[in-house]
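The values are calculated or read from the model by the stated rules, or taken from the named source; none is laboratory data. Keep in mind the model is a prediction, meaning the values are calculated, not measured. All Cβ positions, glycine included, derive from the backbone under ideal geometry; neighbour counts span all protein chains shown. Calculation scope for accessible area: heavy atoms of the full protein, side chains included, ligands and nucleic acids excluded. Shrake-Rupley method; radii C 1.70, N 1.55, O 1.52, S 1.80 Å.
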Amino acid sequence: EQAVAEMVRLAGLVEDFLQFARPQSLRLERADLRAFAHDAAALLAPEASDLGVALEVADGGTVVTEFDREKLKQVLLNLVRNAIEAAGTGGRVRIDVQEHEGSALMTVEDNGRGFPEDAPIFEPFFTTKAGGTGLGLAIVHRIVADHGGTVTASSRSGNTTVFSVLLPIGHADRELAH
């Protein structure tokens, strides 16, 4: 049984590594990022509920931009799942989407314990989780960069952590980069 568990863990690590290492082509489509965030939150609601974490998507208008649905789902699920784990029982996680200076800004905020300011969280293989591969946030960083965006994190230890994903609001007549 322990050997099987180890094989499953290694298979997951290899899959994560390949995801990180191989160039990804994007299938961009124009869609509402807020509706997309609602869909992702609905997928993770049972997980949040099981852990006693309140998960919400902030109200607001539509924010239409171009993104690869599957790739960005991976980004959001990873960020929200991390936030849920960090928040812990009685904690809260909030997703917000808004237009910000001509870009689409999606934030994932939790009130968990945070991380040290100098932690290299986007570096491959850096992890604070037992059994973590340390590739989740590196993959997030890679996918967001492939979209021409940026991802940043700020954390006030023991207070609030916010991951911010800034994506360009593309225009249908623009030549697609990938």
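Structure values in brief
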item	result
Selected residue [under 22 Å from A138 (Cβ atoms), assigned to a helix (DSSP H, G or I) and open to solvent by less than 60 Å² (accessible area, probe 1.4 Å)] from I84, I121	I84
Enumeration of residues in segment 104-130 that are more than 12 Å from S155 (Cβ to Cβ) and modelled with pLDDT under 90	P120, F122, E123, P124, F125, F126, T127, K129, A130
Residue check for V108: open to solvent by 30 Å² or more (accessible area, probe 1.4 Å) and of a type in the set (V, I, T)	no
Candidate set from segment 12-41 (those that are at pLDDT 85 or above and open to solvent by 70 Å² or more (accessible area, probe 1.4 Å)); member that is nearest to G112 (Cα to Cα)	H38
Residue that is nearest to G112 (Cα to Cα) [pool: residues in segment 60-81 that are touching a strand residue (DSSP E or B) at 6+ places or on another chain (Cβ under 9 Å) and open to solvent by 40 Å² or more (accessible area, probe 1.4 Å)]	G60
In segment 44-71, the residues that are over 15 Å from V97 (Cβ atoms), among the hydrophobic types (A, V, I, L, M, F, W, C) and part of a loop (DSSP other than H, G, I, E, B)	L51, V53
